[in-house]
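Single-structure report; data block below.
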Amino acid sequence: MLFASAAVIVATAMPTAFPGSRVIAMMVALLVLAVVLAIAAQRYWQSRQRESLEPPRTESQRERDEHLKLALWASGEHFWDYDLIGRRMHHMRADESIAHSAEITVLTRQGDVPPIHELDLPLVMERLRSHLQGETPLFMSEHRMDLSGNGTWAWVRARGRVVERDLQGRPLRIAGTARDITASRNAEYEHRIASEVMRSMSEAVAVLDWDYNFIAVNQAFTRITGYADTEVIGKPMEMLDSGQQDAASHERMREDIGRDGRWSGEMWKLRKDGEEILCKIETNVVPDASGQRNLYVQVLNDITEQKRAEQELRYLANYDTLTSLPNRSLLSERLSRAIVRARRESGKVAVLFIDLDRFKDINDSLGHATGDRILRAAAARVQQTVGAQHTVARLSGDEFTVVLEDIGSMEDAEVIAQQIIDAFMLPLSFGERLELSVSPSIGISLYPDHAQVPTDLLKHADTAMYQAKAAGRHTYQVYSETMDEKTRHRAILASALRRALERDELALVFQPRLSLTEHRITGVEALLRWESKDFGEVSPGQFIPLAEESGLILEIGAWALRQALMTLHSWHQQGLPGLTVAVNVSALQLQRGDLSDVVAQILEETGVSARCLELELTESVIMANPEKNADTLRACRRLGVSLAIDDFGTGYSSLAYLKRLPLTTLKIDQEFVGDLTHDTDDEAITSTIINMGHSLSLNVIAEGVETAAQLQFLRDHGCDEIQGHWISHALAPDACLRFIREYGMGHEIAAAS
Ligand code: C2E
Ligand code: MG
Ligand code: MG
């Protein structure tokens, strides 16, 4: 190699442009080659001569060589010897692939130092320099070298020292050992990374031995469990067990690990401070260094908070926070499951849709906080009645739904609906000594008779509930297909009603009231009529509830009042002074609290005396919020307006309240009057109401009087006034005026004859 390079250096040095120069160059090269060969031959001869001068190897030298071979073989160390002047490396190592000491062969290599990685070279040179200059007793270095010459870097740990110096003490040779530490260095590197990862992990990591005793834990383990490593190492894994964790769970975990080599799951653990934490645990098997036994690496995550948050979210997503009942989404889930079960088992599922009657009025008048308390009490009442086995959900506002599973027939559902209605007969208590009567209206639908899917079942139950409201509230209705038509019709009517005032479709009719003491018509009741251009005559029983629901009743009510007083005013002027008019007032008009202002203004506008006006309110309207309504009523009364309680006997008015209200008149409901003379109960009730009214100094009127016998009974029992078809139907204003005049004249004729 060295020689070849020399020839090339000479050959390339010759000018090539000169003719015949190629031949001359060849000759010169051959000449140089000959010289070089001669020098080499001489060197070889000298070295042979030196060898022949060396004394023959003794027994002890051979023994030493043998020991060196053994040492190299057993330790895996390489021997190197570097000639600092000749810059040549002598390298010796035992063939490590040999299994028996007897066969050891030593591989030697002469030549250059194998390449050192450029990143490590400065440090190696620095170490070498400081040793050669006597600053360090030993040359020691760990660096990368390309030992195999194929470009792969091996980590080498080298040690050596100067072994020969010249007379001036300058180092001539340095020798020592080296060792390929790539594997251990990689392992150490990996170990360093692994421990760094373990240290910086936010999850607790525990290494357990084959008996599940702690061997090592990381800092996060200490943070999460409260135990320092010294407190757990050597102790069994069970030391962290909480009482919530059943003993068998560990057995199962061990079995799983034995079978699958890993286990993951959740376990309750006990912190050092006694607090229980829920941990998500991943356990993996790792063979120990010997490969003989298994170690277990456990990664623990404290998920207590996460679980709590999840549960809270799940709760919020599925439950109504006010009543703690399932909400709409959980209801649909449960209803779907109930239907799937019923389909499988050919069973039936009933849905009860419950709406509290006039709850909006309660909420508006008593305030939302009280409304909420009443809703909670109502929720508890429904759940108590149907039992824990049935789902009661709150959909929104005052709407509740009950899912009845495993029922035999529609009759079973009806029985439960009636039980709910009965349960609400007792007032709901919503605070200390605070009670209120609320009634439910219930709609019922049945799977599979009415619908196959939850949404349809709910929709049908809702429709049926509306029919229960339309049927007078405080009752239940079973869904039927005709109801859908009715519901649609209601919606169309409601929008038509909105235009009724501007289209001049509303009118008042007047029903005369006969005074039994004065034997003359002393007043009239104004009753609304709607002659719709699209639907013909719509009864007040149909459109008044619609107007109340939509709030239109405020406008319509004020219109009716103005219209009634204007009519009365003209009658007064047409010779009927002192005639009174009774006008019906709705809950919403009362709840607004400004009823007295509205009345005062219209009285002033129309110029009618307050004494000639009576306002009629039903029991349920007043009782929705007796205290607040009493204030409004007192304000009306102060104007001089009379106040009647209408349809008396159908609600739950307490006498105590009646006494406190500034009422002037009590109107016995036509339900009792209608049955007079053939129902002794109704006779008893009617006579009691008359007496009770008189004892409270109230004017008592019976409405719906249709027969002479009824009239006679009422006269006999001291009723003050009557109203009904026996006297007259409700009449248009002109007809009514005529009727009153003629009745008066007839009466005078009768009195005169
Ligand atoms: P109400 O105030 O109790 O009115 C008496 C109802 O009984 C009237 O029905 C009247 O026509 C009817 N009636 C009178 N005498 C007899 C009788 O001898 N036999 C029978 N079977 N019925 C008789 P109407 O006009 O259909 O009104 C029904 C309800 O609508 C009223 O009951 C009242 O609550 C409400 N209403 C009517 N007009 C108004 C109004 O201007 N405002 C408000 N808020 N409600 C009104
Ligand atoms: Mg009335
Ligand atoms: Mg009435």
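Since every read-out is calculated from the coordinates, none of them should be taken as a lab result. Everything numeric in this text was worked out from a predicted model, so none of it was measured. Ideal geometry is used to build each Cβ from the backbone, glycine not excepted, and the neighbour counts take in all protein chains shown.
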Between residue 678 and residue 84, what is the label-point separation in nm under the 7 Å Cα-to-beta-carbon projection? 14.0 nm
Note down, for region 365-469, the three equivalent ellipsoid semi-axes (square root of 5 times each alpha carbon gyration tensor eigenvalue), biggest first, whole angstrom. 26, 15, 12
Given points 7 Å out from each Cα along the Cα-Cβ axis, report the residue 249 to residue 135 separation in nanometres with one decimal. 6.3 nm
Dipole-positive endmost among 277, 521, 474 within the chain (Cβ charges, Cα centre): 277
Residue by residue, what Karplus-based ³J(HN,Hα) values in Hz, rounded to whole numbers, does region 723-738 have, using 6.51, -1.76 and 1.60 with θ = phi - 60° and x for Gly and Pro? 8, x, 4, 4, 8, 5, 6, 5, 10, 5, x, 5, 5, 5, 4, 4
Choose one of 349, 440, 331: the residue whose Cα lies farthest towards the positive end of the charge dipole of region 319-479 (beta-carbon charges +1 Lys, Arg; -1 Asp, Glu; about the Cα centre). 331
About the Cα centre, and with charges only on the beta carbon of Lys, Arg (+1) and Asp, Glu (-1), how big is the dipole of region 201-308? Nearest 20 debye, please. 140 debye
List the residues, sorted by chain then number, that are 5 or more residues from residue 437 or on another chain and whose placed amide H is less than 5 Å from its amide H. 428
Placing +1 at every Lys and Arg Cβ and -1 at every Asp and Glu Cβ, with all other atoms neutral, what dipole size does region 139-206 have around its Cα centre, in debye to the nearest 20? 420 debye
Cα centre as origin, Lys/Arg/Asp/Glu Cβ charges: the chain dipole, Debye: 4540 debye
In nm, to one decimal, how far is the residue 518 label point from the residue 671 one, both placed 7 Å along Cα→Cβ? 3.1 nm
Listed residues 564, 71, 708: farthest to the positive end of the dipole of the chain (Cβ charges): 71
Descending Cα extents along the principal axes, region 495-752, whole Å: 46, 44, 36
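Any chance you could run the full-extension gain for residue 706 through residue 314? It's 0.36 nm times the residue separation minus the Cα-Cα distance, nm to one decimal.
Full-extension gain reported as 134.9 nm.
Per Stokes-Einstein, at 20 °C and 1.002 mPa s, what whole-number D in µm² s⁻¹ belongs to the chain, with the Kirkwood radius over Cα pairs as the hydrodynamic radius? The partial results should precede the final answer.
On the way: Rh = 37.8 Å.
Result for D is 57 µm²/s.
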